[in-house]
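To keep things clear, I will list the structure first and then write my remarks on it.
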Amino acid sequence: MQQAASRYSNDWRQEIQEKPELSLRQVTRTTRKVNVHRKIMIKCGFGMFAYAVLLVFLCSKSASLGYDIESLNKEINALETANHRLEFQIAQRSSLSRVEQLASSELGMQKAEMTNSLAMEIKPEPVQVADNSVKSTSKSVSQKPLLKIYNSLSRLAQNI
């Protein structure tokens, strides 16, 4: 195998030859003119397209929510109708005429007659009355009416 451009030396102190300087060559670049207005128009077009897509999405979402609201209103109306039906059934079953009919047919109850009356004899028990003599000499204005009421109540209790 052969190595190209390789040099072997036995002496390590030998100076390394400097490479010849490369000549600089001028590179000409070509630049293209960029239309700035065209870029702005393309960006605006994409922005308008994104806005239109967002607008269509929001319109379709509001329409679907409108349908949902309408179906919920129909469901509310159906539940209110069922609630009124149940209230009517409760009122019908708890009416006085139905309760009277069930009491007479199933429980064997009878209507009370006005001619029948029940009288019970009550034996009066004597009431013990406290001593009604007042020993205080100074009576306030507010105690006089209370004293009169108390005296009249004690007389009534003794008469019974």
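A few remarks follow.
- Residue match in region 84-101 (condition: at pLDDT 80 or above, more than 60 Å from the chain's Cα centre (by Cα), in a loop (DSSP other than H, G, I, E, B) and not β-branched (Val, Ile, Thr)): no
- Test: residue in region 83-95 that is under 30 Å from Lys111 (Cβ atoms) and hydroxyl-bearing (Ser, Thr, Tyr): yes
- Under the condition of being of a type in the set (Asp, Glu) and surrounded by 10 or more Cβ atoms within 10 Å (Cβ to Cβ), the residues counted in region 88-110 number 1.
The values are calculated or read from the model by the stated rules, or taken from the named source; none is laboratory data. Keep in mind it's a predicted model, so treat the numbers as computed, not measured. Positions of Cβ are generated from backbone atoms using ideal geometry, with glycine treated the same way; all protein chains shown enter the neighbour counts.
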